[in-house]
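First the structure, in the form of C-alpha cells, and then the observations on it.
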Amino acid sequence: MPRKNSAKPEEFSGVRLHTTDISVDRFLKRHAMSFKKTLHAAEQERSDVAEARQHWKAGQPQLDAKRLVFVDETGTSTKMVRTAMAAVAAASG
C-alpha cells in the first residue's frame with residue numbers, strides 16, 4: 001500500500017513554486033486525490049459579516065411570518081453556466 005504524503009508545511013518554507021491550475025488538477029487526478037472546498041463561505045469569518053449575521057438573527061423574531069416566502073432550491077444546479085455561446089454576425093451596409 002502506498003505511503004500517504006507526510007510532508008509538513010514547515011518543510012517547504014522558502015520554496016518558491018510556480019504552477020498552473022491545470023497542472024495541479026492533473027497531479028490530483030493522477031494520484032487519485034481530490035481538493036475539498038470548505039463547507040462554509042470564507043466571508044463568514046470576517047467581523048463585519050459576523051456582525052451583520054448577528055444583527056439579522058436578532059431581528060428575525062420581528063418578521064411577519066405571513067409575508068415570508070420560502071424557495072425550495074433542492075433541484076437546482078450550480079452548473080448552469082453556458083460553456084459555449086452563439087453569436088449573430090452583424091449585417092454590414
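The values are calculated or read from the model by the stated rules, or taken from the named source; none is laboratory data. Just so it is clear, the structure is predicted and the values come from calculations on it, not from any experiment. All Cβ positions, even for glycine, are placed from backbone atoms using ideal geometry, and neighbour counts span all protein chains on display.
Could you go through the stretch 65-88 and let me know if any residue there is surrounded by 10 or more Cβ atoms within 10 Å (Cβ to Cβ), outside any loop (DSSP other than H, G, I, E, B) and modelled with pLDDT of 85 or more. No; the residues of the stretch 65-88 include none that is surrounded by 10 or more Cβ atoms within 10 Å (Cβ to Cβ), outside any loop (DSSP other than H, G, I, E, B) and modelled with pLDDT of 85 or more. Can you find even one residue in the stretch 37-48 that is at pLDDT 85 or above and either loosely packed, with under 10 Cβ neighbours inside 10 Å or in a helix (DSSP H, G or I) (or both)? Scanning the stretch 37-48 turns up at least one residue that is at pLDDT 85 or above and either loosely packed, with under 10 Cβ neighbours inside 10 Å or in a helix (DSSP H, G or I) (or both).
Tallying residues that are at pLDDT 80 or above and exposed (fewer than 10 other Cβ atoms within 10 Å of the Cβ) within the stretch 17-30 yields 6.
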